[in-house]
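This report concerns only the one structure given below.
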Amino acid sequence: MHNMGVSMEQKIKTFILENQMIEKEDILILGLSGGPDSVCLFHVMEKLKEEFKAKLVCVHVNHLLRKEEADQDESFVKELCKKAGVPLEIERVDVKAFKNKEKLSEEEAGRIIRRRAFERARKKYKGQKILLAHHADDNAETLLLNLARGCMEEGLEGIRPKQEHYIRPLLGVRKKEIIKFLEENQYEYRLDATNQENDYARNRIRNNTLVYLENEVNKQVVAHMNEAMKRMVTINQYLKDETQKYYDLVVEEKEGIWWLQKSAYEKVPEALQSRIIYQVLVKAAQKEKDITKKHIDSLMALFTKEVGKEINLPYGVFAYKKYEGIILKVGRKTANKPKKYEVKQRVFAYQKEQDSIPDSRYTKWFDYDIIKKTIDIRHRKPGDYLTINKEGNTKKLKKFFIDEKIGEEERDLIWLVCEGSQVMWVVGYRQNPHYQISNSTKKILEIKFTEDFNE
């Protein structure tokens, strides 16, 4: 980064080629504010476009913020493009009004408005790439901002040289190199007044923190930070690939429900656990913005909480703990309703030789003569119990549910066939051996839950 012997054009051309930013005959849409960075990019691309056989189109957005200055910026850009014979699109947008309407910071509002203008020009001119003038110092500021505000590993990559059709050819160049290039070539540019003020966190980092680090800690601080971010991109790509392998083992997706299996999750290397959680959360929320480390931590902690514990997450996602892991859903949990079913009962004489006991979870035979009271088909009540063996030992239904690892929210949905408080059959699970067919059985009661119950 500090080899000043190489010309600016040469340096940027190398960077473009290394990052495969431009193809032959691309139509390039360049965001031109009139400030030093975009003017530098403009002049460099003017010189390089022949080599790439590329066409250049400029877009200027007048934010209507500082009326007089903004108009001067606009006429400066007009003149610059006219001289070079480069097509120019100008859009005037009231950033303040948009900011207030959408409740955004001025910086964020400006960014969205510029992006929209660039996309419109790309469509109009059938452009391939949109060029932005971020440089190495911007990247260092972004890293410090992300670290200060809290970020995932992706935030440590800073600004990417290339994201889809957005490219940043100046990312390998220092701000001071840009100014030197403009002054040596006597290129005029406009000074953006807001960059000199300390309104924004970013400007405070630019004018105070970075200056201090460079003067007091290490002259090469910006270069070193950029090199570290470049390494992070490679490291993150490796971690992403590894995460994907484990993701498919841990997460089961079905109709708007994400099921995270605890046993599989516990086998995931610690470095990847938070990434799996982040990924599943982004999928459920269908948004990445505003999902923070705090949300990931609370979801990870849910694995150790008691069954039935719930947490609310951004964008209407909520998660609750089950025995086997965690369920994620979108939208409030609707009260679960028991499935519809039809029950058929019949009594008939048992003929040992011909009749074979059905092997089905939803059809059971009972010894009719053992039953003394009216049979109830219902959901659980306090005091319900089962006989668990021929010796007549009993177990509370609640204990049975716990042993079978049946989650709290499912217990109310399970149908029971009962004689008083004694459960003859936990439908879909277990039949009470006390009522089973034996050699002395004369009559059989068959109870059959029809298929739509099992849908």
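The values are calculated or read from the model by the stated rules, or taken from the named source; none is laboratory data. These figures come from a predicted structure and were not determined experimentally. We place every Cβ from the backbone using ideal geometry, glycine too, and count neighbours over all the protein chains shown. The accessibility values were calculated without ligands, DNA or RNA, using every heavy atom of the protein model including side chains. Shrake-Rupley method; radii C 1.70, N 1.55, O 1.52, S 1.80 Å.
Within region 154-193, the set of residues being open to solvent by 70 Å² or more (accessible area, probe 1.4 Å), free of Cβ contacts under 8 Å to residues at least 60 places away in the same chain and not charged (D, E, K, R) comprises GLN163, GLN186. Here SER33 fulfils each of the conditions (1) within 18 Å of ILE159 (Cβ to Cβ); (2) in a helix (DSSP H, G or I); (3) hydroxyl-bearing (Ser, Thr, Tyr) apart from (2). Collect the residues in region 310-323 that are at pLDDT 80 or above and either open to solvent by 40 Å² or more (accessible area, probe 1.4 Å) or under 18 Å from GLN279 (Cβ atoms) (or both), keeping them in residue-number order. Matches in region 310-323: GLU310, ILE311, ASN312, LEU313, PRO314, TYR315, GLY316, VAL317, PHE318, ALA319.
Scanning region 399-428 for residues that are open to solvent by 70 Å² or more (accessible area, probe 1.4 Å) and touching a residue at least 12 places away in the same chain (Cβ under 8 Å) turns up GLU404, LYS405, GLU408, ASP412.
Against the list (1) surrounded by 17 or more Cβ atoms within 10 Å (Cβ to Cβ); (2) farther than 30 Å from GLN351 by Cα, the condition HIS434 fails is (2).
If the condition is being over 15 Å from ARG111 (Cβ atoms) and either among the acidic types (Asp, Glu) or open to solvent by 30 Å² or more (accessible area, probe 1.4 Å) (or both), then region 59-75 contributes LEU64, ARG66, LYS67, GLU68, GLU69, ASP71, GLN72, ASP73, GLU74, SER75. Listed here are the helices (runs of 4 or more DSSP H) enclosed by region 257-309 that have at least 1 residues being acidic (Asp, Glu) and over 17 Å from VAL330 (Cα atoms): 270-285, 293-301. Total residues in region 23-39 satisfying the condition of being touching a residue at least 60 places away in the same chain (Cβ under 8 Å) and open to solvent by 20 Å² or more (accessible area, probe 1.4 Å): the figure is 4. Just one of the numbered conditions (1) touching a Leu at 6+ places or on another chain (Cβ under 8 Å); (2) over 27 Å from ARG160 (Cβ atoms) is not true of PRO36: (2).
The residues of region 126-153 that are at negative phi and either surrounded by fewer than 16 Cβ atoms within 10 Å (Cβ to Cβ) or assigned to a loop (DSSP other than H, G, I, E, B) (or both), listed by number, are GLY127, GLN128, LEU132, ALA133, HIS134, HIS135, LEU147, ALA148, ARG149, CYS151, MET152, GLU153. Only a single criterion out of (1) in contact with a helix residue (DSSP H, G or I) (Cβ under 8 Å, 6 or more places away or on another chain); (2) touching a residue at least 60 places away in the same chain (Cβ under 8 Å) is not satisfied by PHE42, namely (2). Going through (1) free of Cβ contacts under 8 Å to residues at least 60 places away in the same chain; (2) farther than 18 Å from LYS448 by Cα; (3) open to solvent by 80 Å² or more (accessible area, probe 1.4 Å) one by one, THR374 falls short only on (2).
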